[in-house]
Amino acid sequence: MNILKKQSKFILGLISLIIITFISGCNDLAVLDPKGPVALQQKDLIMLSIGFMLFIVLVVFVLFTFMIVRYRERPENADYEPPQDEGSKVLELIWTAIPVLIVIALAVPTVKTIYALEEPPKAPSHKNPVVVHATSVDWKWIFTYPEENIETVNYLNIPEDRPILFKLTSADSMAALWIPQLGGQEYNMAGMETELYLQADEPGTYNGRNANFTGEGFAKQKFTVTAQTEEDYEQWVEEAQSARKLTQEKYNELMKKEIYTDELTFSSTHLEWVDHAKQADYAVKVRKGIDPEKDKQEENDSHHGSHH
Amino acid sequence: MKWDEFFVTGDPFIYAADASIVFTSIGIVFVLTYYKKWKWLWSEWLTTVDHKKIGIMYIIAAVLMLFRGGVDALLMRAQITAPGSEILKSQHYNEIFTTHGTIMIIFMAMPFLIGLINFAVPLQIGARDVAYPYLNAVSFWTFFFGAMLFNISFVIGGSPSAGWTSYVPLAGEELSPGPGQNYYLLGLQIAGIGTLLTGINFLVTILKMRAPGMSIIRMPMFTWSTLITMILIIFAFPVLTVALALMTFDRLFGSHFLTLADGGLPMLWLNLFWIWGHPEVYIVILPAFGIFSEIISTFARKTLFGYKAMVWSMVSIAGLSFIVWVHHFFTMGANAVVNSFFSITTMAIAIPTGVKIFNWLFTLYKGRIKITSAMLWSLAFIPNFTIGGVTGVMLAMAAADYQYHNTYFLVSHFHYVLISGTVFACFAGLYFWYPKMFGHRLNERIGKWSFWLFMIGFNVCFFPMYFLGLDGMPRRIYTYEWADGWFDLNVVATIGAIGMAIGFVLLIYNIYWSFRYAERETTGDPWDGRTLEWSTHTPVPFYNFAIIPEVSGLDAYSRMKRDPAQEKKKEYKPIHMPNYSGKPIFMSVAFFISGFGLVFEWWWMAILGLIGVLAMLLLRSFDYDDGYYVPVDEVERIEKSYE
Amino acid sequence: MEYVHSDNGKHDAPDTPLEYQSETGRLNILGFWVFLGAEIALFATLFASYLVLVGRYADGPTPGELFEVKGVLIETFLLLTSSFTCGLAIHEMRRNSLKGLIVWLGITLLLGLGFLGFEIYEFVHYIHEGASLTTSAYWSGFFVLVGTHGAHVTMGIAWMILIIIQLVQRGLTKQTTRKVFVASLYWHFLDVVWIFIFTAVYLYGMVMHHG
């Protein structure tokens, strides 16, 4: 009896704990405190699913509590012989149908959101997206603004109310660009280019990081995102365009596998000599001391020489 | 290679581990010698082909691995509790979460369940052993030496550190040079041989060796879950074999399957890994469902509600498990069609799982529920697994998953399903079948303390992690900053982990206490069981059943007890049994040697080991040992001894 | 090993093949079929891996540059014929002719060795032409897929040699016939896999180049 009471109390306590924590804690959590339309859509989807899930949890917990309280063995029911019923078609049909309906109810908004996130956010503005190439290197972030011809390391400035089209790639291990308050993550992969739209609704500083494990320096591979008003952003772009140029020598230094947390600004981009989405082994070759371009040329020559 | 490269050095934890390994080994050797138990160990256990003993050895190995994986977990919790702490260095932390994950899935969850399957399934179907007793021993010993190969990495050569998923390019030669990752590849490869053989063995056993009258729809639910699991193993494990082989070729022989250079395709690994990996999740959860079904039905004193629906839901879960693997990398940038498809297939798994949950609940309905330790673990499974399940549905919604992926939300989800699913089932099954294995029950009082500490600790540990995930805490970071604001919840989680640890220690203490003091079990049927394993004596004679039982319906033993007139007069016949053999352990040692050689790229050793393996295969081919017959008077003598 | 249930007699009928007359025989043959199921999963995975790597030649040669119809056709002919002679061996076994069985198994073995010889020659030729395991992702896929099949054939040959020795030692018994039968299943399976390799690797590779 004692344990029975404890158990039902515990379970009731757990239910209330879940509800209370959800209600009280939500606004402080980064993912549930969106600052842009992408993160907002995701938050809405999450809250919707939490609603359905709490309903399911509630049904199961109530039934569970009822069963173990009501049908617990006690001295007074010691002679009771339970009926050996083998099932009930009707009941089983009901609890097959309800999950089917819930899955449909969740699948529709999920698919809608999946498709919506492929496009640039429509509201509140219809401006052209800013294109930013985000390249992850063990263990740092390189952001390239090809249209503005600037490149930054470990920090990202963006204008508010304007979609940012990230073109993601990696120089080595697989990473994931994630700015929780602006929206979900996507992988950076060497030899591949993935696209991700994000947007900030208001000026502010947001945390960005690599979310996918990349080894020793993983925990330190972070960056700051500053969303600025259009004017501030334009001013920053102008300043950046007068920074020093990025040389290949300097860039190859950045290819080193090491934790690097300094913030840098350059007025030219590495796309002039390498696009990691097309040349997956650039960083590997640089680290080995092989000139990545020269080597490729030689191999081509020798190969075509011997086979044609 | 220098000695200080061969042995891992420079870390006090490792020296402590070195010392404990040496002392434990000396201790074991001393005890065995002092009590003159070497011959007993060899002839009763190491060479055995008896499914019951093999099952027990699996469980012992799994409990040791649970201890190792648990220590890893506690070290991780210690490091991650407070921001900026430096108890472990980054590299060490990475090694520990890699070994934690790999050990818990491959060397703890699977062998624990396979151990219970080994022990219980042949008894449940009224068989005298499995279809291939010799192969069964090969399965165990390849698993065991695969596990040993993986485990010595932390004192010799260094542990793998690319995560249990070992994503390339990180796990490739360029970014993770050295023996660590090789240990992962070869340890899993060798253990995988054993798993595949288990799959074939038990599939044929269940299909062909059921007692007369036990049609396929009269099989106990645990046997059903095992049958489906074995089919999953047979089709999923070859995929892992290939995936591991490709990475091994890349690392050891310079091929370019998964490399950054020369056209390699790292995504190939992710796909192959999860095409195996998702069915693997169900390989460790379906037998758990089977165990809960048996226990809930036994202690509610009711036949399982919706037997056929239970079977069909497992079949559909197994089928769906092969078409959901992309949900492990929704964030890879696949197009909307792909992500939508895999979102929906994944959510669809919730339907058969939901059906099962309600069938379990209605098995309790109008029952007379006896709360034993085994039943406590099984009952606790229902609400806890529901939490794990619904968060799984949330993760299945691809658009939302972009926010959960790689975070503590995910960590919490899979611990909720794997602990309240698999681990609770292992403990429940252990309490349930323990009397049959060892001839005495485990103590209920200690068992209940252990349960409540572990179960509450589990919730305290993992529930906060959902919120840490939603607050942007990625998995696998070894440290964070005060400014991140994750300190409070991490402290709570660590307190929970301590609760779980104490619960585990109490379980081990319970085994010791019960061994010393518990009342011996003589009836053979301590729980008023429903299935055939309870119909034979305790301890189980080596031939299991003197006379193969005849089955007249579901819950075969319940029917026999209700209708004792059915019992026929006892007329013994000679019983054919297989001989024990030392070849499986020798062959697995040869695999170990070969694997160790490959880890360090010492080719002579690798080839030497391989020759050993081939030699054992050759010997086996010329081995026409067809077992022996237990004569009738011997059977009579043994049967009398139980009266 | 009849430690399950005793034979109920239906398998003792005179037309039941020897290898199916014992419980062990029946169990082992079924188990081997299941094992072949796992082998299908293994080769399917290798094929899938190979196919996604087609076109990833890096700076190495393309298959169209190296594949030669003649050698591959000879290999195919040898292996297909060996499957046929393996069938004849089983036919002889069912006729209770030990001598016929050994002769046809021997011929199967020789054809298998011939296949292996040509395959090794082919591999050496490719390596000489600058296409090895380490050349590019494509060639890694090629050598591991075709090489895994070749390794299976090698195992099959070694296995058959052991079985022939045991046949000579023991004649036709429940155990030896079971071994022969299981080995023949294995051999036919390798033949089927080769047909897929011939189509997916060689034909496809040559057509892609010329087409």
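The values are calculated or read from the model by the stated rules, or taken from the named source; none is laboratory data. Values in this document were obtained by computation on a predicted structure and should not be read as measured data. Reconstructed Cβ throughout: ideal geometry from the backbone, glycine too, with neighbour counts over all protein chains shown. Note: accessible area is taken over every heavy atom of the protein model, side chains too, but ligands, DNA and RNA are not part of it. Shrake-Rupley method; radii C 1.70, N 1.55, O 1.52, S 1.80 Å.
Chain C against chain B buries an accessible area of about 3700 Å², both chains summed, 1.4 Å probe radius. Couplings 3J(HN,Hα) for the range A:136-144, derived from phi with the Karplus relation 6.51 cos²θ - 1.76 cosθ + 1.60 (θ = phi - 60°), are 9, 10, 5, 10, 7, 10, 10, 10, 10 Hz, where x marks Gly and Pro. Using a Förster distance of 22 angstrom, determine the FRET efficiency expected from the C-beta separation of C:H125 and C:L73, and round it to 0.05. For R0 = 22 Å, the calculated efficiency reads 0.90. Pairs with C-alpha atoms separated by more than 22 Å, drawn from the list A:K222/A:K288; A:K257/A:K288; B:K52/B:K561; A:K35/A:K220, are A:K222/A:K288; B:K52/B:K561; A:K35/A:K220.
A Förster distance of 45 Å, applied to the separation of the beta-carbon atoms of C:I40 and B:K39, puts the FRET efficiency at 0.50. Using every pair of separate Cα atoms, the Kirkwood estimate puts the hydrodynamic radius of the range A:77-212 at 18.3 angstrom. Across peptide B:331-343, the average count of Cβ atoms from other chains found within 10 Å of a residue's Cβ is 5. Panel note: the C-alpha atoms of the range A:130-302, placed on their principal axes, show extents of 55, 34, 25 Å (largest first). Max-minus-min Cα coordinates of the protein assembly as shown on each principal axis give 100, 83, 61 Å, with the largest extent listed first.
Normalised per residue, the accessible area of chain C is 42 Å², obtained with a 1.4 Å probe and no contribution from ligands, DNA or RNA.
Beta bridges from DSSP with both residues in chain A: antiparallel share about 70 percent, rounded to the nearest 5.
The Cα-based radius of gyration of the range B:57-117, divided by its Kirkwood radius, gives an Rg/Rh of 1.11.
A cut-off under 13 angstrom between Cβ atoms defines the neighbours of B:V540, and their net charge, with Lys, Arg +1 and Asp, Glu -1, is -2.
For B:E521, the residues whose modelled amide H falls within less than 5 Å of its own, excluding neighbours fewer than 5 places apart on the same chain, are B:H440, B:R441. Apolar share of the accessible surface for the range B:376-488: 66 percent from carbon plus sulfur atoms, 1.4 Å probe. Using the Karplus relation 6.51 cos²θ - 1.76 cosθ + 1.60 with θ = phi - 60°, the per-residue 3J(HN,Hα) values for the range C:107-120 come to 5, 4, 4, 5, 4, x, 4, x, 4, 4, x, 5, 5, 5 Hz, with x marking Gly and Pro. Rounded, prolate or oblate: pick one for the range C:1-152, where a ≥ b ≥ c are the square roots of the eigenvalues of its C-alpha gyration tensor, a/c under 1.5 means rounded, and failing that, prolate if a/b is larger than b/c, else oblate. Oblate, since a/c reaches 1.5 and b/c is not below a/b. When both bridge partners sit in the protein assembly as shown, DSSP labels roughly 75% of those beta bridges antiparallel.
Take the accessible area of chain B alone and of chain A alone, subtract that of the pair, and you get about 8300 Å² summed over both chains, using a 1.4 Å probe.
Counting only DSSP beta bridges with both residues in the range A:130-302, the antiparallel share comes to about 70 percent.
For chain C, the 222 nm mean residue ellipticity estimated from helices alone, with every DSSP H stretch of n ≥ 4 adding -39500 (n - 2.57) and the total spread over all residues, rounds to -26000 deg cm²/dmol. Shape class for chain A: prolate, because the ratio a/c of the largest to smallest gyration tensor axis (alpha-carbon atoms, square roots of eigenvalues) is 1.5 or more and a/b beats b/c. Note on the range B:102-242: Kirkwood hydrodynamic radius from all Cα pairs is 16.2 Å, rounded to one decimal.
When B:Y572, B:Y628, C:Y121 are compared by accessible area of protein heavy atoms, the largest-first order is C:Y121, B:Y628, B:Y572, using a 1.4 Å probe.
Backbone amide hydrogens, once placed in the peptide plane, bring B:G163 within less than 5 Å of B:T98, excluding anything fewer than 5 places away on its chain. Helical content alone sets the calculated 222 nm signal of chain B at -21500 deg cm²/dmol, taking -39,500 (n - 2.57) per DSSP H segment of four or more residues and averaging over every residue. Between A:E195 and A:Q84, the simple spin-label model (points 7 angstrom out along Cα→Cβ) gives 6.5 nm.
Every pair of different Cα atoms in chain B enters the Kirkwood calculation, which places the hydrodynamic radius at 25.7 Å. Summarising the overall dimensions of the range A:18-159 from its C-alpha atoms, the Rg and Dmax are 25.5, 85 angstrom. Near B:V168, once Lys and Arg are set to +1 and Asp and Glu to -1 for all other residues with Cβ below 12 Å from its Cβ, the sum equals -3. Listed values for the range B:572-587 are Karplus-derived 3J(HN,Hα) couplings in whole Hz (6.51 cos²θ - 1.76 cosθ + 1.60, θ = phi - 60°), namely 6, 10, x, 10, 8, 10, x, 7, 6, 8, x, 4, x, 6, 5, 5, and x replaces Gly and Pro. Taking the helices alone, chain A has a mean residue ellipticity at 222 nm of -14000 deg cm²/dmol, built from -39,500 (n - 2.57) per DSSP H run of at least 4 residues and averaged over all its residues.
Per atom type, the range A:130-302 shows carbon and sulfur on 43% of its accessible surface, probed at 1.4 Å. For B:A334 and B:Y512, what is the calculated FRET efficiency with R₀ set at 51 Å and r taken between the beta-carbons, to the nearest 0.05? Once rounded, the FRET efficiency stands at 0.45.
How high is the relative contact order of chain B? Use alpha-carbon pairs under 8 Å, at least six apart in sequence, and give a whole percent. Over chain B, the number comes to 17 percent.
Other residues lying with their Cβ under 14 Å from the Cβ of A:E86 contribute a combined charge of +4, Lys and Arg counting +1, Asp and Glu -1.
One quarter of the surface of the convex hull around the alpha-carbon atoms of the range B:16-55 equals 3.6 nm², the direction-averaged projected area.
Per residue of peptide C:59-70, the mean number of Cβ atoms on other chains within 10 Å of the residue Cβ is 2. Sorted largest first by accessible area at a 1.4 angstrom probe radius, with every protein chain in place, the residues B:R559, B:R530 fall in the order B:R559, B:R530.
The apolar share of the surface of chain C, taken as the fraction of accessible area on carbon and sulfur atoms (1.4 Å probe, ligands and nucleic acids excluded), comes to 69 percent. Altogether, the Stokes-Einstein calculation at 37 °C and 0.692 mPa s, with the Kirkwood radius of the range C:88-211 over Cα pairs as Rh, returns a diffusion coefficient of 203 µm²/s.
Probing with 1.4 Å while keeping every protein chain in the model, the per residue accessible area of the range A:130-302 equals 36 Å². Taking amide hydrogens as placed 1.01 Å from N in the peptide plane, the amide H of B:F7 sits under 5 Å from those of B:G157, each at least 5 positions away in sequence or on another chain. A loss of 20 Å² or more of accessible area (1.4 Å probe, protein heavy atoms, ligands and nucleic acids excluded) relative to the isolated chain is seen in these residues of the range A:201-229: A:R209, A:A211, A:N212, A:F213, A:E216, A:F218, A:A219, A:K220, A:K222.
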